[in-house]
Amino acid sequence: MKSMLLLFALLLSVGFSHFSYGAQGYQTPSSDLAALVDAKLAPSSYLSADGQWLALFERKRIETLDDLAKEELKLAGIKLNPANFSRSRPRTKFSALQVKHIATGAVITVNNLPQGVIRSPKWSSNSEYLAFIVEQPTQTQLWVYNAETKQARQLSTLALNSVLTATPYQWLPDSTAIVANQAVNLGKPKLVSDANSVVPVIQQSSGQKAPARTYQNLLTSPFDELQFKFYGQGQLTYIPLSGVALSIGKPALFKSFSISPDSTNILVATIDEPFSYQVPYSRFATTWQVLGMRGYTLAQLFKQPLADNIPQGYDSVRTGRRDFQWRDDQGAEIIWAQAQDGGDMKTDVPYHDHLYSLRSPFKREPKLFAKLERRFSRIEWANENVAFLTEWRFSDRQLRTYVIQPRDADNNRVLFSQRSYNDAYKDPGDAIYERNDLGVNVIKVVGGRYIFLRGDGASEQGNVPFLDQYDIKTNTTKRLWQSKAPYYERVRAMLDDEGERLITIRESKTEQPNFFIRDLDADTLTQLTTFEHPYPAFKGVTKELVRYQRDDGVELSGTLYLPPGYDKTQGPLPVLMWAYPLEYKDKAVASQVRESPYEFTYIGYWGPMPYLAKGIAVFDDPKMPIVGVDGKEPNDLFRKQLVASAKAAVDVLVEKGIADKDKIAIAGHSYGAFMVANLLAHSDLFKTGIARSGAYNRTLTPFGFQGEERDFWQAQDVYANMSPFFHAEKINEPMLMIHGQEDPNSGTFPMQSERMYAALKGLGKEARLVMLPYEAHGYRARKSLLHVLWEQEQWLEKYLLTDEAPVSDAQANTEPSVTE
Amino acid sequence: MQSERMYAALKGLGKEARLVMLPYEAHGYRARKSLLHVLWEQEQWLDKYLLTDEAPVSDAQANTEPSLTE
């Protein structure tokens, strides 16, 4: 990694022309604020199949600067860490493990794990073992926790490869062994590019408009190809819980592998050359076959060619056999889909997909399993009499699920659910699963007819989670249980066959989430966990949805948070508003409610909430709709509508006696930062502003931005009017700007903030620019997050909470260079 | 950045253009390899667009598009 000295030099290298806080390097905010960065959220839970053990993994939300500074390779659409053969930015990461015994409440803390990132936990089907991987600086290890001995141990010294196979291991359904993808090239000398690989970077445009779909981080050179092969190559290995590990076949670029329900075969996909520089690895040529546990090939299923000409459209697919998977209700039977429309949903055909099946020993001709009128989405298996088959299409966002009989899938289908996937109010919920006799997760069916569904229960009243019992025979649904105010409680698992004993997670506005056992028959509720309040300094914060109107009649709303202990007799407060403007084509568009009014109030470090601890009221997400009316495009009246929205927000808070109208700050991230600069330029509603990771000059995004579809050459006036860079001379309130130095978002390159700052400085305005080393569009390192909180805290103290007008103590000291 | 943004604009508008970025070079090009390459680029370009009579044939496609969300 690069020198820390360099790093400190980079931070704040600009920004001191007008004043300085007198501190250099990374700073830490006051303790109540800093505690938010380290606050522990409710852990992620993994329940064993027998319902006896609840594994609780502490979530790792933030990184270290060293993590961000690690070398990262970008190959064929994957960002990877070459030091340990893993993906560099996994979505879910854990840092610690506890296991709770449901019956007794006993807690086992697993404390012999090495330093590293814990990922991909999976219980064995017999509930005796919990496997997971631990990513360490130079390798990824496979660990197994034993529920009986209450000990965790490294199962194998082999290093795993999660570059292509993001989850690099699978349990055998019979719980006797694990198959893992080993990083065979780990430890070998790194590939080195020689001087000849330095070449001019050439792009050429031939006079055709660019195609719509593009990909990032593709292969670009022969050296990239070598690297992709080097880091992608793995060796499947059979690792028994006791005994010697055995290699399965030869090393290859394994894209996926999955073990048959009867634990005898492996469905394997391997990537073939030649690679493409136009599409990511998921579209490379891929060979699908079935291997035996020793690696001999039992069946060649298909060689998928390179898919670089899939028709446009999200529901377009490659032609030929695709979506190979095991039938979960059978010992060893493969199912796959095959497009009947050339891969293009726009083609008018009665059936867009066929599903085929092929059973072990894979010698016969494949059988037609089902015909689908729309694109195949997925099958959830229960048994040979019941499965859920889902198809979809993008044009009207329709999702359609049938209950089918797998033994005769085209006949006697029952339509279970049909809705737009954007329509949360009609979501029937997700089926409860269980392990079948083979050890595979399948839909739980009781008495041959009852299926249990747990859902969020989205409605106009917010989310009211439920548990339903669906009767296949009568195609009817009965509600067994629903969350009751003032709690927000959802079903995590079902412990019996009747839907009467449930594990739930329950919270309220003031009570942090915890696990409970709810017994519907005995009507009892037993608390299972006692997680602490994650941010005790914010106990007593109140939350209120405020509705108000803009001067043109548009309905607006925002969420008002008041500091702990505040009541109106204390008089009006300084206010911090945090917003993000959105465009609408018409006034009537209202989005569905997708949260519960009884959720525990989340106090994040990201937005405005930390400053409640400073006695500042927070108005979060006051709507700033930009509406296109009378045939005009929304942005034709962007500034007018933006200022009117902000004025309505200010007015309602002043009217309510909450806001001191001379002490209101506006803040936002990304397009919200763009909004901040505009509001400071075109209104005097705010005393100061904080603008993070924004874009201020729309000529640098000349092909549109957000919902704007006109390009710069079609709407030069709109671009100029909306760009605060063009109006920097009117910004007459102090503005704090923060930006990640490695922001890869082409709309918000770091240069946007640098140029805006240079403009403000040259014009003699009060501004401060903080560039964060190694950070991208969202800030992730602990030090960066603490420093951002400190910057914002200092800024608000100086410019929002202080009564005197700030004095400029320095003058602009640079001049743009004009010669070329 | 000026050249990159101008090229992106021309490409997005469907114009004929070619952009060559020279590694390690500053405002005046100095390395032997760079100078030879610049001469070659210019020679090819003039051969194709100045000295050839027919309309040029498109031989490559644009392969990137600006990302629109922030």
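The values are calculated or read from the model by the stated rules, or taken from the named source; none is laboratory data. All figures in this text were calculated on a predicted structure; none of them were measured in a lab. As a convention, Cβ positions derive from the backbone with ideal geometry for all residues, glycine included, and neighbour counts pool all protein chains shown. Just the protein is used for accessible areas: all its heavy atoms, side chains included, with ligands, DNA and RNA removed. Shrake-Rupley method; radii C 1.70, N 1.55, O 1.52, S 1.80 Å.
Each semi-axis of the equivalent ellipsoid for region A:82-203 is √(5λ) with λ an eigenvalue of the Cα gyration tensor; in descending order they amount to 36, 15, 13 Å.
With both labels modelled 7 Å from their Cα along Cα-to-Cβ, the A:Ala106 to A:Phe531 distance reads 2.4 nm.
Accessible surface area normalised per residue over the protein assembly as shown is 46 Å², counting heavy atoms of protein chains with a 1.4 Å rolling probe.
As a fraction of the 1.4 Å probe accessible area of region A:564-692, surface on carbon and sulfur atoms comes out at 52 percent. Spin-label pair A:Glu365-A:Glu709: with each label point 7 Å from Cα along the Cα-Cβ axis, the two points sit 4.8 nm from one another.
Taking the Cα centre of region A:536-801 as origin and assigning +1 to Lys and Arg Cβ atoms and -1 to Asp and Glu Cβ atoms, the resulting dipole is close to 540 debye. Taking amide H as placed 1.01 Å from N in the peptide plane, A:Ser670 has its amide H under 5 Å from the amide H of A:Arg692, A:Ser693, A:Gly694, each at least 5 places away in sequence or on another chain.
Ranked from largest to smallest solvent-accessible area, with a 1.4 Å probe on the protein heavy atoms, A:Tyr296, A:Tyr470 come out as A:Tyr296, A:Tyr470. Shape class for the protein assembly as shown: oblate, because the ratio a/c of the largest to smallest gyration tensor axis (alpha-carbon atoms, square roots of eigenvalues) is 1.5 or more and b/c is at least a/b. Amide H to amide H, with H built 1.01 Å from N, A:Lys656 comes under 5 Å of no residue 5 or more places away or on another chain.
Our helix-only sum for chain A, with -39,500 (n - 2.57) per DSSP H run of n ≥ 4 divided by its residues, gives a mean residue ellipticity at 222 nm of -3500 deg cm²/dmol.
For region A:301-456, a/c is not less than 1.5, where a ≥ b ≥ c are the root eigenvalues of the C-alpha gyration tensor, and a/b does not top b/c. That puts it in the oblate class. Applying the Karplus relation 6.51 cos²θ - 1.76 cosθ + 1.60 with θ = phi - 60° to region A:373-383 yields 3J(HN,Hα) values of 6, 10, 6, 4, 10, 6, 10, 10, 8, 10, 8 Hz, where x marks Gly and Pro.
Roughly how much accessible area, to the nearest 100 Å², goes out of reach of solvent when A and B pair up, both sides summed, probe 1.4 Å? Counting both chains, the buried surface is close to 3300 Å².
Scaled to the globular estimate 2.2 N^0.38 Å, the Cα spread of region B:2-51, given as radius of gyration, is 1.30. Legend: mean number of C-beta atoms from other chains within 10 angstrom of residue C-beta atoms, peptide B:5-16, equals 5. Overall shape of region A:145-274 was characterised from the C-alpha gyration tensor. The equivalent ellipsoid obtained from it has semi-axes of 38, 18, 13 Å, in decreasing order.
Rolling a 1.4 Å probe over the protein heavy atoms leaves A:Val349 with an accessible area of roughly 40 Å². P(r) tail, region A:679-723: Cα-Cα pairs separated by more than 12 Å, 64% of all pairs. Given R0 = 45 Å, the distance between the Cβ atoms of B:Leu50 and A:Asp38 translates into a calculated FRET efficiency of 0.10. When a/c is below 1.5 the answer is rounded, else prolate if a/b is larger than b/c, else oblate, so apply that to region A:257-318 with a ≥ b ≥ c taken from the square roots of the Cα gyration tensor eigenvalues. Judged from the Cα gyration tensor, region A:257-318 comes out prolate (a/c at least 1.5, a/b above b/c).
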